[in-house]
Amino acid sequence: MCGFCGFACSNEEQPLDVERLRAMNAAIAHRGPDGLGEYTAAGVALGHRRLSIIDIEGGQQPLSNEDGSIWIVFNGEIYNFAELAQRLKTLGHQFRTRSDTEVIVHAYEEYGLDFVTHLNGMFALAIHDTKRSQVVLARDHFGIKPLFYSISDGELVFGSEIKSVLIGTGARPAPNPKALIEYIIFRYSAGARTFFSGVSRLPPASIAVWSHGRLAVRRYWSPPRPEVDSLGDCEVQRQFADKLENAVTSQLISEVPLGSFCSGGVDSGLVTAHASLHSDVRFRTFSVGFEEGEWDETSRAVETSERYGTDHHSLTLRAHDLLSLVPTLLGHNDEPLSHPNSVPLYLLSGLARTAVPPTMQVRLVLDPALPTLLGHYDPLHRAFSNIVRNAVEACEGRGEIGLEARTEDGGVRVEVRDHGPGIQAELAGRLFDPYVTAKTGGTGLGLALAKQTVEMHRGTIAVEPTPGGGATFVVWMRGR
């Protein structure tokens, strides 16, 4: 990974504090051991830490276009950079490096703010456009790469980590109570909120433009609804296999050794299979095991490795590892840990770095993200069940409760009916606002994001009044 930071002032005549930029950059030194750079111009400062993956010699950042009117700092990888570079060359753009970073610069020159729609990859970036006197922030479609910012006193401060942003603002860190409540409910803070008051997260698939002291944020992409109803099972399977293979092979472009995490499960096994078959050298895999036999899947990981002939490395996680590493991980994460797998992932990353000779150290690891896609951790079904459960809990003790489920309009309709007087307003307020729910001691926790999840999948959720002052809590979800 790489990292970047910077700030932009609404008053371009204001002197820039370069030492502040260097302090921000020093806070993220662990993100980029291979190089650091900085850039300053009228009212704008950019800093960067680099982990070299592509064009090791020529891809230093910050990087500019030919005339120095556009500068970029970037964290991530653009998987279609080669074909995009070729297209831009035919349009007259001149390249001086082989890096994917420079491709973004020229794409911005050619397509303006629509440049993000041409990128296939994981990325967070900041661009200074000197001709338009604006700074552009952007984040990849699924928010894989982090990007945080803060606005105060006519200044935008941004960076790959919250700690860097806090240093840039110079303000005393203060907690954000709403984020804490969300963490207690969901184990993470949602949307743009962070645990620090005044610090925001740029949402996934979003682009933001800072100009004349104002930041305008807009979404540039939404997940398309798959049209698979007319396809047979065999065709769906074929298309999925093709897309998975293309996704894996597109990430194998690198000038440094590659590897993958291989737990022994179906998801990481699929990634390992495709990657090893398309790798020019013996592919490396890494897994973590546990002392407790019921949790340990090391044997399955070894079986996958033997099947595809990978160079496999593993370690065993012990209870004291979990406890001893929590302070370190909190320091890197800048917020409470949302999942215990953070510890094994951290150790696996270290194993990938140290398990082989220095000249062969793995610098790029494929981390499977298929479980949710394959339905193993289906957020829609989880949201649906949470909605029904919490609606029942919220109605308990308030009167007669009725629960009915039936098919309707090609989907499933669930009704939780409560005939207690005055329940409608309370249900609406308690179920859809986690902050209000927690503050008033309610039990309908988690419904705000569950509601958002259901609606994103074209379902509906509502509280409808019934005669006598009661209410019916209705959820409808399209069948799959």
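Before moving on, here are some points about what is shown:
- Here the label points at ASP34 and LEU329, each 7 Å from Cα along the C-beta direction, are separated by 2.7 nm in the simple model.
- Note on region 233-366: percent of Cα-Cα distances in each 10 Å bin, starting at 0 and stopping at the bin with the largest distance, equals 11, 37, 34, 16, 2.
- The ARG353 and ASN80 beta-carbon pair, evaluated with R₀ = 25 Å, returns a calculated FRET efficiency of approximately 0.35.
- Rg/Rg_ref, region 3-219, where Rg_ref = 2.2 N^0.38 Å and atoms are Cα: 0.98
- Restricting region 57-97 to GluC sites (Glu not before Pro) that sit in a DSSP loop and have at most 12 other Cβ atoms within 10 Å of their own Cβ leaves GLU57.
- Cut-off 14 Å between beta-carbons: net charge of the residues surrounding TYR79, Lys and Arg +1, Asp and Glu -1: -3
- Cross-link pairs exceeding 32 Å in C-alpha to C-alpha distance, out of LYS145/LYS178; LYS163/LYS243; LYS131/LYS243, comprise LYS163/LYS243; LYS131/LYS243.
- For the listed peptides 175-182, 21-28, a ranking on the average number of other beta carbons within 10 Å per residue, highest first, reads 21-28, 175-182.
- Charge tally in the Cβ shell below 14 Å around CYS9, where Lys, Arg are +1 and Asp, Glu are -1, CYS9 excluded: -3
- Per-pair calculated FRET efficiency, R0 = 56 Å: VAL236 and SER211 via Cβ, rounded to 0.05: 0.80
Read the figures in this text as sums done on the coordinates, not as results from a lab. The shown structure was predicted, so the numbers you read here are calculated from the model rather than taken from an experiment. Methodologically, a virtual Cβ is constructed for each residue, glycine included, from the backbone with ideal geometry; neighbour enumeration extends over all protein chains shown.
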